[in-house]
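Read through the structure below, which is laid out as structure tokens, and then see the notes.
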Amino acid sequence: MVSTRHRTHPRSRLAAGAVAVALAVGVLGGCSGGDGGGGDPGPATKAPAGAARKPAGAPQVPAHALTGYWQNFTNGAKVQKLADVPAAYDIVAVSFADATDKPGEVDFKLASKALGGYTVEQFKADLRAKHDAGKMVIVSVGGEHGKVEVKDAASAERFAASVHRLMTVYGFDGVDIDTENDGFRSEFMVRALKSLRQKAGERLVLTMAPQTVDMQKPTDEYFRTALGVKDFLTVVNTQFYNSGSMLGCDGESYRQGTVDFLTSLACIQLEGGLDPSQVGLGLPTNKDSKDAGYVSPELVDRAMNCLTLGTDCGKFKPKKKYPGLRGAMAWSTNWDATYGNEWSTAVGAAVRKLP
């Protein structure tokens with residue numbers, strides 16, 4: 001994502017688009033234009049195309065939702081308390097919980113001093129107020145520099161136990177998996193998340209924010225993890241930025257920051273085994289990050305219309321509609337606030353009018 005923790009400018013991953021081209025050739029044909037292929041979806045069973053169903057994941061999450069990342073650190077964006085996050089955001093992901101010296105274990109410490117003396121007691125009270133307003137607050141694990149290692153059974157159980165402890169202590173509704181440093185094996189992250197689900201119950205809100213290069217084919221570790229927890233996964237908000245050009249599900253290369261980039265890459269997930277309600281468009285809200293993939297609210301609206309209604313498309317047009325698309329994600333609520341919350345006001349309204 002876009003910050004000192006989630007990158008304000010493109011980093012070495014700008015080369016990832018070229019790498020993804022080499023990786024993706026031969027695995028996208030089944031996703032072409034939404035024909036219903038996508039190859040072997042891995043550990044999950046693919047639902048029938050067009051089947052009517054309720055949204056996947058935690059039942060309290062709206063069918064269409066806007067997710068926003070709240071920064072527990074400073075990086076030039078406007079400093080916020082949780083109470084400052086606009087009501088347009090249905091899910092607020094607190095960034096970030098960090099790894100401890102025990103593999104798999106994570107912990108969260110509020111950056112009280114950096115946030116102007118924001119106390120833990122105030123934070124918890126603000127979190128409860130979000131609950132009272134019908135919003136969900138989850139803890140995000142990882143970020144650009146965070147590396148949480150879940151690579152065996154012991155670390156998987158440490159991860160589940162430590163996240164559940166944070167949920168109990170702070171009142172978090174769930175967890176967001178945002179590791180960007182090859183810190184887990186899908187087999188054991190799936191085990192960890194299933195263990196957490198057993199501890200937390202059906203109202204666990206589980207989201208993910210992989211990089212585009214991690215969601216090019218269903219055999220990628222991140223993609224396999226998402227499919228492995230499909231039965232209770234809420235949404236995958238892929239970071240559709242900081243990647244350069246990438247292959248869409250029709251095998252064509254599309255430039256980031258365009259409607260075609262958003263729709264053709266979302267198509268890979270929609271046709272690769274995820275339910276439409278488990279797919280969201282992750283985007284930056286920092287207007288100064290155009291080179292990293294910033295797009296206007298109007299373009300986000302067009303992309304969502306293309307995917308759900310088949311209208312407002314660019315060159316790429318999916319061969320079917322996905323009215324159950326979950327919505328969008330913002331990095332971050334702080335950058336959004338820096339520009340007067342223009343992005344969340346417009347995109348939030350667009351999400352709420354989805355079919």
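Does residue 339 satisfy the criteria of being within 22 Å of residue 91 (Cα to Cα), in contact (Cβ under 8 Å) with a residue 40 or more places away in the chain, of a type in the set (Phe, Trp, Tyr) and surrounded by 20 or more Cβ atoms within 10 Å (Cβ to Cβ)? Talk me through it step by step, then tell me what you get.
On the way: within 22 Å of residue 91 (Cα to Cα): yes; in contact (Cβ under 8 Å) with a residue 40 or more places away in the chain: yes; of a type in the set (Phe, Trp, Tyr): yes; surrounded by 20 or more Cβ atoms within 10 Å (Cβ to Cβ): no.
No, not satisfied.
So, residue 325, is that one surrounded by 19 or more Cβ atoms within 10 Å (Cβ to Cβ) and within 19 Å of residue 260 (Cα to Cα) or not?
On the way: surrounded by 19 or more Cβ atoms within 10 Å (Cβ to Cβ): yes; within 19 Å of residue 260 (Cα to Cα): yes.
Taking the combined requirement at face value, the residue satisfies it.
Among the residues of region 86-108, write down those that are in a loop (DSSP other than H, G, I, E, B) and either without any contact (Cβ under 8 Å) to a residue 12 or more places away in the chain or acidic (Asp, Glu) (or both). Before the answer, list the steps.
At the first step, the residues of region 86-108 found to be in a loop (DSSP other than H, G, I, E, B) are 86-90, 100-105, 108.
Passing the criteria: 90, 101, 105.
Which residues, counting only those in region 257-293, are over 16 Å from the mean Cα position of the chain (by Cα) and farther than 16 Å from residue 320 by Cβ?
Pass one, region 257-293, residues over 16 Å from the mean Cα position of the chain (by Cα): 257-261, 264, 271-273, 286-292.
Residues satisfying the conditions are 257, 258, 259, 260, 261, 286, 287, 288, 289, 290, 291, 292.
Where in region 138-238 are the helices (runs of 4 or more DSSP H), entirely inside, with at least 1 residues that are touching a His at 6+ places or on another chain (Cβ under 7 Å) and on the phi < 0 side of the Ramachandran plot? Walk me through it before giving the result.
On the way: elements: 153-170, 186-200, 221-228.
In region 138-238, the matching helices (runs of 4 or more DSSP H) lie at 186-200.
Restrict the check to region 217-230 and report whether at least one residue is within 21 Å of residue 347 (Cβ to Cβ) and crowded, with 24+ Cβ neighbours inside 10 Å.
We begin by selecting, within region 217-230, every residue within 21 Å of residue 347 (Cβ to Cβ); these are none.
No; the residues of region 217-230 include none that is within 21 Å of residue 347 (Cβ to Cβ) and crowded, with 24+ Cβ neighbours inside 10 Å.
Do any helices (runs of 4 or more DSSP H) entirely within region 291-355 hold 2 or more residues that are more than 29 Å from residue 75 (Cα to Cα), and if so, which? Can you show your working first?
Numbers: elements: 297-309, 333-338, 342-352.
Per the criteria, 297-309.
Given (1) in contact (Cβ under 8 Å) with a residue 40 or more places away in the chain; (2) out of contact with any strand residue (DSSP E or B) (no Cβ under 8 Å at 6 or more places or on another chain), identify the lone condition not met by residue 310.
(1)
Consider region 283-329. How many of its residues are modelled with pLDDT of 95 or more and of a type in the set (Phe, Trp, Tyr)?
Of the residues in that region, 2 qualify.
Restricting to region 245-256, name every residue that is of a type in the set (Gly, Ala, Ser), surrounded by fewer than 24 Cβ atoms within 10 Å (Cβ to Cβ) and assigned to a loop (DSSP other than H, G, I, E, B). Walk me through how you get there before you give the answer.
Of the residues in region 245-256, the ones of a type in the set (Gly, Ala, Ser) are 245, 248, 251, 253.
Filter again for surrounded by fewer than 24 Cβ atoms within 10 Å (Cβ to Cβ), leaving 245, 251, 253.
Of everything in region 245-256, those that are of a type in the set (Gly, Ala, Ser), surrounded by fewer than 24 Cβ atoms within 10 Å (Cβ to Cβ) and assigned to a loop (DSSP other than H, G, I, E, B) turn out to be 245, 251.
Just to be sure, is residue 227 free of Cβ contacts under 8 Å to residues at least 60 places away in the same chain and in contact with a Leu (Cβ under 8 Å, 6 or more places away or on another chain)? Break it down into steps so the answer makes sense when it comes.
On the way: free of Cβ contacts under 8 Å to residues at least 60 places away in the same chain: no; in contact with a Leu (Cβ under 8 Å, 6 or more places away or on another chain): yes.
No: the conditions fail for residue 227.
Could you look through region 308-322, keep only residues that are in contact with a Gly (Cβ under 9 Å, 6 or more places away or on another chain) and within 14 Å of residue 259 (Cα to Cα), and pick out the one that is surrounded by the most Cβ atoms within 10 Å (Cβ to Cβ)?
318
The values are calculated or read from the model by the stated rules, or taken from the named source; none is laboratory data. All figures in this text were calculated on a predicted structure; none of them were measured in a lab. Note that we place each Cβ from the backbone using ideal geometry, even for glycine, and neighbour counts take in every protein chain shown.
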